[in-house]
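Worksheet: one structure, shown below.
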Amino acid sequence: MVSSATILRMVAPCWRRPSVKGDHSTRDANGRCDGLLWYKDSGNHVAGEFSMSVIQANNLLEDHSKLESGPVSMFDSGPQATFVGVYDGHGGPEAARFVNKHLFDNIRKFTSENHGMSANVITKAFLATEEDFLSLVRRQWQIKPQIASVGACCLVGIICSGLLYIANAGDSRVVLGRLEKAFKIVKAVQLSSEHNASLESVREELRSLHPNDPQIVVLKHKVWRVKGIIQVSRSIGDAYLKKAEFNREPLLAKFRVPEVFHKPILRAEPAITVHKIHPEDQFLIFASDGLWEHLSNQEAVDIVNTCPRNGIARKLIKTALREAAKKREMRYSDLKKIDRGVRRHFHDDITVIVVFLDSHLVSRSTSRRPLLSISGGGDLAGPST
Amino acid sequence: MKPLIRRLSRIADSSSCNRNRSGDIHHPTSTYSSSVFLVKRATVASSVPSGHVPVNVGEDKERFVVSAELLNHPVFVGLLNRSAQEYGYTQKGVLHIPCNVFVFEQVVESLRSGIADDTSELIASLSGEDVSTE
């Protein structure tokens, strides 16, 4: 028996959309909602097709994302680019929403100022967005101290002038599907490094950055956490581990660090790599860690390689949900009956953006295709900050 | 939710003490006449009926199956959130509910009896059970 309240709660996100006739193209353009699932099955970006999808698990969606395609500078001249952003929030949705709203604009600003895209431009955009969010935390600290414990893992991909820039702070992941002609298979190549304390290399980095703090990483319930609190070592936000002024009352006790610290414990600086795009490079899968918890890199690549392009992001999410249900020894159909909030005990919010690389489009950076700007989640994502 | 969760904890402790004191306490075998099947014990080997989710309850991880709809109830949400705060979300395998088995059964019985919408009444019911426990 499904209560009417449950039906209303699950369907409400779609009802909020105006149901005016002739709105069909607009509705499709911004994706569709089906309960807790949002999807934009197919669209075009500068270098080919893309597919996006988001599944909500938390009470408030903590994943946010964006795909932009068009001129990357403030001036309409200059190279065309595709921008992909996946922002996985924690402690609340505010940081991921903020980044979704501001990071791309900062990248455009710095690209214009520096007369072109570069790794340095992206770093400056990340750090500017971080400073802006910390300013917001400072403004809201007295009335809403919990915002100091909100942060977001940020993964960015930019395709511009035949190059692919990857920038990551946190544990979202981007995987390339590369055709190996000799064997006629598509191989998974992970392009992002992860900043999660479960990795020994990350723990070593933390210990070398904080040599006088034996408690910088702590094993708690078999999980490594920075200061015994958080698993990721980089993020935008998490002011309570960036500035000592936000690690005091009235912040909740569970976020408190016993000693006063004088330099940030977490960092917002992204790890950036630049890749020349080759004809064998078939597609990119950008996703928050909720997907990679259930699918390996190669499993995801195999699905993209063997299934139709249209709706492929949604397909990846559904495959992950089937895996999540299996782990809880339940049916996938029953998982779908679980509300958001409770759903978090079965899987996390998941965002997937698949970007196909059409080799003849990649090299023609001056090709004119319609401008595109789309944020993942639609009404699931709630009001803009 | 806090008062209810706090009371559940207290009752759980109380039941544990009672079990320690007299080892022969056993839970009455309950049968449900209602056509809406909410909870039943299940051996690991048995398949989970459609519409249900298996959960492990208490320190000994006694296995139950719960209707998927029931999991959405605020009482269960509170129990699961308490578990997540302690152990995180990446528990392996079947969901674990950190609640004494006896208390769990009482909660489910109360929900099944239709007093689910009145949390204060549910608390009173649990309190009553607490008093009556040997």
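The values are calculated or read from the model by the stated rules, or taken from the named source; none is laboratory data. Bear in mind that the values here come from a model prediction, so they are computed numbers and not experimental data. Virtual Cβ from ideal backbone geometry, glycine too; neighbours counted across all protein chains shown.
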Exercise for the section: Report the residue count in the range A:55-69 for those that are outside any loop (DSSP other than H, G, I, E, B) and of a type in the set (A, V, I, L, M, F, W, C). Expected result: 2
Handout entry: Flag for A:GLY378 being surrounded by 20 or more Cβ atoms within 10 Å (Cβ to Cβ), closer than 27 Å to A:ALA29 by Cα, more than 14 Å from every other protein chain (Cβ to nearest Cβ) and at pLDDT below 95
Key = yes
Practice task
For A:MET52, work out the one condition from (1) modelled with pLDDT of 95 or more; (2) outside any strand (DSSP E or B) it doesn't fulfil.
Solution key: (2)
Exercise for the section: For residues that are more than 10 Å from chain B (Cβ to nearest Cβ), closer than 19 Å to B:GLN91 by Cβ and aliphatic (A, V, I, L, M), tally how many sit in the range A:333-365. Expected result: 1
Exercise for the section: Please go through the range A:75-121 and pick out each residue that is out of contact with any Ser or Thr (no Cβ under 9 Å at 6 or more places or on another chain) and closer than 17 Å to A:VAL46 by Cα. Expected result: A:ASP76, A:SER77
Fill in the blank from the handout: Conditions (1) within 14 Å of chain B (Cβ to nearest Cβ); (2) part of a helix (DSSP H, G or I); (3) over 20 Å from the mean Cα position of the chain (by Cα) -> A:MET330 fails only (2)
Problem - Failed item, numbered, when A:GLU259 is tested on (1) in a strand (DSSP E or B); (2) charged (D, E, K, R); (3) over 22 Å from the mean Cα position of the chain (by Cα) - result: (1)
Problem - Residue, surrounded by the most Cβ atoms within 10 Å (Cβ to Cβ), within the range A:132-167, restricted to residues that are hydroxyl-bearing (Ser, Thr, Tyr) and modelled with pLDDT of 95 or more - result: A:SER149
Problem - Residue tally, condition within 14 Å of another protein chain (Cβ to nearest Cβ), touching a helix residue (DSSP H, G or I) at 6+ places or on another chain (Cβ under 7 Å) and either outside any strand (DSSP E or B) or at pLDDT below 95 (or both), over the range A:186-223 - result: 2
Problem - All positions within the range A:105-125 that are under 17 Å from A:LEU164 (Cβ atoms), out of contact with any strand residue (DSSP E or B) (no Cβ under 6 Å at 6 or more places or on another chain) and assigned to a helix (DSSP H, G or I) - result: A:ILE107, A:THR111, A:ASN120, A:VAL121, A:THR123, A:ALA125
Exercise for the section: Out of A:HIS294, A:HIS278, report the one residue that is crowded, with 16+ Cβ neighbours inside 10 Å and under 28 Å from A:PHE356 (Cα atoms). Expected result: A:HIS294
